[in-house]
Amino acid sequence: MALYLLYESASGYGLFLAHGIDEIGQNTEAVRNSVTDLNRFGKVVKLAAFNPFESALDALNQQNAVSEGQMTDELRNFLELSLPKVKEGKKPKFSLGVADPKIGSHIYEETKIPCQSNEFVLELIRGVRLHFDRFIDNLKSGDLEKAQLGLGHSYSRAKVKFNVNRVDNMVIQAIFLLDTLDKDVNSFSMRVREWYSWHFPELVKIVNDNYLYAKLAKFIEDKSELSEDKLEGIVDILGDEDKAKEVIEAAKASMGQDLSPIDLINVKMFAQRVMDLAEYRKKLYDYLVAKMSDIAPNLAALIGEVVGARLISHAGSLTNLAKCPSSTLQILGAEKALFRALKTKGNTPKYGLIFHSSFIGRASAKNKGRMARYLANKCSIASRIDCFSESSTTSFGDKLREQVEERLDFYDKGVAPRKNIDVMKAAMENAANQGAEMDVDKTTEHSSKKSKKKKSKDNDEAKADDKENAAVNGDAAESKSGKKKKKRALEEESKPAENGTNAENGTEKKKKKKSKDVEMEDVAAVSEGKKKKKKKTAD
């Protein structure tokens with residue numbers, strides 16, 4: 001039986017005929033050793049047909065189809081023209097060797113061409129790949145490498161199909177930076193407290209918040225200049241009038257040493273830097289919340305933005321987190337304790353990063369492990385929904401959170417929770433309703449935009465018409481203004497003449513009316529005479 005080999009290169013489809021091979025003696029080790037020698041391999045495998053790609057875009061489309069196990073029309077035509085025809089009802093006397101079994105099964109379903117993919121075929125295709133540039137006559141040296149490089153870049157670029165708003169790398173960087181900022185802000189705030197306490201030690205006991213302490217240190221500067229005039233400013237910072245008065249009283253009887261103006265300037269500048277870091281930390285937290293609502297809305301709704309971001313960061317990506325089973329997600333972040341317990345044969349940890357969730361803290365001591373296991377299960381479901389769903393919605397996360405709340409009530413009060421299938425049905429209905437509402441909103445926005453455009457066009461046309469009319473009226477007014485003076489002089493001269501003509505016109509109108517009446521009477525008399533004549537003729 002003849003064996004044909006299909007090889008998909010970067011420059012086109014190649015069909016090779018492997019002849020002189022005994023099926024019984026198909027030893028893959030012998031083939032593997034003879035593949036490297038072109039003289040031996042060229043005697044067994046020869047080029048039967050070659051179909052080059054028309055363009056780089058055509059090559060990309062063909063390779064995308066091959067990678068997905070689909071046969072294109074171009075490949076089908078190439079195989080039907082190059083291979084012997086398969087007669088119905090008869091067993092074919094050849095077979096087609098392919099590298100991917102998926103595309104082989106698809107070729108057999110569509111064309112009934114028998115395909116095979118095994119170690120022997122793969123070794124032969126490896127030899128074809130190794131000596132492919134020798135089989136094609138018109139192929140120059142370096143052309144195949146350029147085609148492979150260009151197709152590789154375009155194929156990789158096409159495969160990386162992602163939404164810019166759903167890049168989880170930004171969340172990983174943001175949560176790392178947030179943790180670093182927390183440590184830096186705390187250490188810098190302690191340095192401000194220690195530095196300014198040499199001048200005003202009593203302020204530490206009055207103001208506990210680091211941000212407010214730095215803000216107040218910048219505002220007060222020299223405690224000897226603090227008086228009742230600055231009371232309003234201190235009240236604005238602290239939000240408490242009693243504390244503001246206590247600060248002023250403490251400054252009057254302070255035991256701290258005096259600082260030089262240069263030292264106070266340095267303290268003020270450092271306090272400003274600490275305030276800027278604290279404000280930037282707030283903005284970064286808002287950014288993290290916004291990114292989590294885009295990337296993992298259900299996980300954020302279930303367990304919170306910060307804990308969800310830490311889970312994604314520790315797993316490496318949202319896809320890796322979705323691939324983790326719930327048992328792995330439960331102890332994610334407690335790897336040292338796990339391996340220590342395995343080494344010492346002690347108790348394994350019950351929770352890792354998931355411990356920072358409020359649900360674990362609200363559970364009783366004996367139920368913390370059970371709650372962690374249940375919460376990890378729901379987090380695993382939420383992460384998979386966020387990773388693999390096309391539309392982003394929080395309906396599943398909200399329902400999963402309700403389930404966790406019900407489970408807490410079940411552990412504490414014994415209230416039976418709802419079944420998981422009922423909750424998921426309700427979540428799917430909510431998601432469908434939200435999708436329908438989004439579609440309606442989009443259509444209404446689109447129609448409103450169209451109506452606004454039409455109205456704006458109509459307004460523009462009306463304005464243009466008004467401008468044209470105004471221009472015409474302005475020209476007419478200018479022409480009339482010059483003639484008005486001449487008309488006034490003529491009207492004054494013709495007034496007495498017009499009075500005489502008006503009387504004459506009145507008599508003429510009366511005469512015309514009388515003549516019309518006489519004519520109507522004559523017409524009536526003529527018509528009556530005609531009627532009488534008709535009657536006589538009838539008699």
remark   = With every protein chain in place, the accessible area of SER327 for a 1.4 Å probe, in Å² rounded to the nearest 10, comes to 70
ask   = For LYS323 and GLU145, what is the calculated FRET efficiency with R₀ set at 35 Å and r taken between the beta-carbons, to the nearest 0.05?
value = 0.45
note = Two pseudo-spin positions, 7 Å from Cα along C-beta at VAL204 and at THR72, lie apart in nanometres by 7.4
query = Heavy-atom accessible area of PHE135 with all protein chains present, probe 1.4 Å, nearest 10 Å²?
reply = 30
note = Taking only the alpha-carbon atoms of the stretch 296-437, the convex hull volume per residue, in cubic angstrom, is 108
Rough spin-label spacing in nm, given labels placed 7 Å along Cα→Cβ, for VAL235 and ALA290 = 3.6
request  = When a/c is below 1.5 the answer is rounded, else prolate if a/b is larger than b/c, else oblate, so apply that to the stretch 2-160 with a ≥ b ≥ c taken from the square roots of the Cα gyration tensor eigenvalues.
outcome  = oblate
query = What is the magnitude of the charge dipole of the stretch 323-388 about its Cα centre, with +1 placed on the Cβ of each Lys and Arg, -1 on the Cβ of each Asp and Glu, and no other charges, expressed in debye to the nearest 20?
reply = 300
message = Quick check: residue separation of HIS19 and SER389 times 0.36 nm, minus the Cα distance between them. What number comes out in nm?
response = 128.2 nm
inquiry  = Can you say what percent of the DSSP beta bridges in the stretch 2-160, counting only those with both residues inside, are antiparallel? Round to 5.
reply    = 70
remark   = To the nearest 0.05, the calculated FRET efficiency linking LEU57 and LYS91 through their beta-carbon distance, R0 being 41 Å, is 0.55
ask   = Hey, got the dipole for the stretch 281-426? About the Cα centre, +1 on K and R Cβ, -1 on D and E Cβ, debye to the nearest 20?
value = 740
message = Defining a contact as two alpha carbons under 8 Å apart and six or more residues distant in sequence, what relative contact order in percent does the stretch 296-437 show?
response = 29
Anisotropy class of the stretch 60-101 from Cα gyration tensor, a/c 1.5 cut = prolate
inquiry  = With an 8 Å Cα cut-off and a minimum separation of 6 or more residues, compute the relative contact order for the stretch 2-160 in percent.
reply    = 30
ask   = For ARG193, ARG126, what's the largest-to-smallest order of accessible area, 1.4 Å probe?
value = ARG126, ARG193
request  = Report, in debye and to the nearest 20, how large the dipole of the stretch 170-284 comes out about its Cα centre when Lys and Arg carry +1 and Asp and Glu carry -1 on their Cβ.
outcome  = 480
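The values are calculated or read from the model by the stated rules, or taken from the named source; none is laboratory data. No experiment lies behind these values; they were computed from the predicted model shown. Virtual Cβ from ideal backbone geometry, glycine too; neighbours counted across all protein chains shown. For the accessible areas, the whole protein counts, side chains as well, though only heavy atoms, and no ligand, DNA or RNA atoms are used. Shrake-Rupley method; radii C 1.70, N 1.55, O 1.52, S 1.80 Å.
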